[in-house]
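The values are calculated or read from the model by the stated rules, or taken from the named source; none is laboratory data. On a predicted model such as this, the values are computed, not experimentally measured, just so you know. Using ideal geometry, Cβ is built from the backbone for each residue, glycine included, and neighbour counts are taken over all protein chains shown. Quick note on the areas: whole protein, heavy atoms, side chains included, nothing else; ligands and nucleic acids left out. Shrake-Rupley method; radii C 1.70, N 1.55, O 1.52, S 1.80 Å.
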Amino acid sequence: MMRSLFSGVSGLKNHQTRMDVIGNNISNVNTTGFKSSRVNFEDSLSQTLTAASQASGTTGGTNPKQIGLGSKISAIDVNFKDGSVQSTGINTDLCLSGNALFVVKQGNQTFYTRNGAFNFDAEGNLVNAEGLYVQGYMNASATEHNSINTNGATSNIQIRAGKTMPSSQTQTANYINNLNATAPTITGITGTLANGQAIPLSGEDPLTSINVGSIYGTTGEKILAAVLTMSDGTTQTVTSGSYEKNHSIPLSTTVKVYDSLGTTHVVPITVEKTAANTWDAKIAAPSITKVVTKDADGNVTGTYNVGDDVPEITGTGATSSAELTFSNGKTANVTSGTYKTGPTVTESGVTYALGYIVEDDGSVTALKMQDATVTFKDTGAFDSGSASLELAYNNGNGAAGQTVAISFDKLTQYANSSTINAEADGYASGTLDTVTIDESGTVVGTYTNGVLRKEAQIAVAQFTNAPGLTKKGNSLYVESNNSGTPNIGTAGGFGATITASALEMSNVDVAEEFSNMIITQRGFQSNSKIITVSDEMLENLINMKR
């Protein structure tokens, strides 16, 4: 009879433990990233009164006679099922879904958590609410902005406010989109001079080309406008630019180039159809037609026209300064730099076009590029063609000269509108403006120069047996003997997902917990009844002696 008392006591203790677990679950119903637990029971040791017997020739076998000695707790399991996603609007909040945990550190101690309520501290460290450092992979490259090495060891994620990004010199430019295969070509050219005369003049041959804004022949008169007759029967009046018979009207494009100091230079390049499936690309900046050098007192020391070798302008002596006259009629005064006259220069048997840009700050950018011929297949796909643009900086711009490789292999030529556009690398210096975390766990910085840089990648850990982790409070877990060793990597690599600006809600099911509470209460009551009845039976036994 005493056995029933002990069985009842064990039942009371076990149901009390189960009630403690249920109470803890309900208490954490709104705890971020909380994982509910459950209690599993199993029977305790049984006392054997008679062992099982084997069948004989005269009798059958008998089962053992055993009396159970109560129950015990077999396990308190943690349910690692994902909780619901709760949007917060805070860009450093992260909701992790799948078999993974965030990794945080305090000194040399490593912890794991599903609570993704993170923020940046005063030093730019990404930390949790207790100040533990969130672990990840930092982008250690000064020039690579789009990828992060996640094969090495993790470290604290630190992104300081006001971080600067150095400028990057332009190295390549790519032309993209389409050129119109049916673009009309010029079949006739006439012009008007500043004195009102029409060109070609009487007795002259028909014009095969024209540069509006330049001086016409020996007349000394500037060409004010031109009328172009097109192969489709239309006419167009233009007041600037250069045009050639049997070519299309040039398409004006620009390439934005950043020098070694991060200064922007807008280089004009025209693209025009010259034959079937053939286009030419050339710089469209004006060339120098005359250079007048002066000494420190302003006295003229030399005049150099097209074809003459111009001395370097040094800022001292006979070349203290110079006045440059350009093919578009504009002028500029300079105190330093090297300049060449004429629209072209031949070097090592190769002819290059020359052009100059007078920048807003008065510096002068020299351009040199061999005209590029771009061809297309009869299918409209790109066939061949490339260019190399050289830039040199004068008159106050101390940037190093550079060469920009220009490619056209992303162009097509179809019978549709011309939508050609140039994209170039490089950028000015910038300061970190905002930081966001995307759905892959990548920390992305947006800089004032418009560049997006992947600053860091948040690391996660995966365990073979996540429910085997040991809870340490503050929504933290540590590795145990039965959790397995952690595999550290990225969420995507483990099949987990991260939802930015959101947190994982507790996975406690209140309805289920209330049901378990009722069942536990009934179990506790039943075990207490065992003790009560056993006590009454013992009392009756004692009363038999009286």
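Assorted remarks:
- Looking across S209, S248, S231, S214, one residue alone is crowded, with 16+ Cβ neighbours inside 10 Å and either basic (K, R) or touching a residue at least 24 places away in the same chain (Cβ under 8 Å) (or both). It is S248.
- Residues in region 450-479 that are assigned to a loop (DSSP other than H, G, I, E, B) and of a type outside the set (G, A, S): 7 in all.
- Residues in region 306-350 that are closer than 21 Å to K282 by Cα, open to solvent by 70 Å² or more (accessible area, probe 1.4 Å) and of a type in the set (S, T, Y): 3 in all.
- The set of residues in region 462-481 that are open to solvent by 80 Å² or more (accessible area, probe 1.4 Å) and either in contact with a Leu (Cβ under 9 Å, 6 or more places away or on another chain) or within 20 Å of T154 (Cβ to Cβ) (or both) comprises T464, K472, N474, E479.
- Looking across region 251-285, the residues that are open to solvent by 30 Å² or more (accessible area, probe 1.4 Å) and either of a type in the set (G, A, S) or farther than 30 Å from A381 by Cβ (or both) come down to S252, Y258, S260, L261, T263, T264, A275, A276, A284.
- Residue in region 333-347 that is aromatic (F, W, Y) and within 43 Å of the chain's Cα centre (by Cα) present: yes
- Sub-9 Å Cβ pairs linking a first residue in region 184-202 that is touching a residue at least 40 places away in the same chain (Cβ under 8 Å) and small (G, A, S) to a second residue that is exposed (fewer than 13 other Cβ atoms within 10 Å of the Cβ) and not in a loop (DSSP other than H, G, I, E, B), at least 6 apart or interchain, are G188/T235, ordered by first then second residue.
- Odd one out for N149 among (1) modelled with pLDDT of 95 or more; (2) open to solvent by 40 Å² or more (accessible area, probe 1.4 Å): (1)
- Screening N482, N507 for residues that are touching a helix residue (DSSP H, G or I) at 6+ places or on another chain (Cβ under 9 Å) and either assigned to a strand (DSSP E or B) or closer than 19 Å to N79 by Cα (or both) leaves exactly one candidate, N482.
- If you filter region 113-126 down to residues that are in contact (Cβ under 8 Å) with a residue 24 or more places away in the chain and open to solvent by 10 Å² or more (accessible area, probe 1.4 Å), you find that the one that is nearest to A496 (Cα to Cα) is N115.
- Cβ-Cβ contacts under 8 Å between residues 6 or more apart (or on different chains), taken from a first residue in region 506-522 that is under 28 Å from G116 (Cα atoms) to a second residue that is part of a helix (DSSP H, G or I) and among the β-branched types (V, I, T), are listed as V508/I26; V510/I26; E513/I22; E513/I26.
- Condition met for T270 (within 23 Å of T325 (Cβ to Cβ) and either in a loop (DSSP other than H, G, I, E, B) or of a type in the set (S, T, Y) (or both)): yes
- The listed residues are A296, A276, A322, A285, and the only one of them that is farther than 24 Å from D360 by Cβ and in contact (Cβ under 8 Å) with a residue 24 or more places away in the chain turns out to be A296.
- Residue count for region 465-506, restricted to those that are over 16 Å from T31 (Cβ atoms) and either under 22 Å from the mean Cα position of the chain (by Cα) or aromatic (F, W, Y) (or both): 13
- Filtered residues of region 181-191 (kept if of a type in the set (S, T, N, Q) and either open to solvent by 60 Å² or more (accessible area, probe 1.4 Å) or in contact with a Phe, Trp or Tyr (Cβ under 7 Å, 6 or more places away or on another chain) (or both)): T182, T187, T190
- Selected residue (only one of A387, A372, A424, A366 is over 30 Å from V127 (Cβ atoms), at pLDDT 95 or above and open to solvent by 20 Å² or more (accessible area, probe 1.4 Å)): A424
- Candidates S242, S252, filtered to the one that is in a strand (DSSP E or B) and either at pLDDT below 95 or in contact with an Asp or Glu (Cβ under 6 Å, 6 or more places away or on another chain) (or both): S242
- Being surrounded by fewer than 17 Cβ atoms within 10 Å (Cβ to Cβ), more than 32 Å from the chain's Cα centre (by Cα) and of a type in the set (A, V, I, L, M) holds for only one residue in V29, V21, V85, and it is V29.
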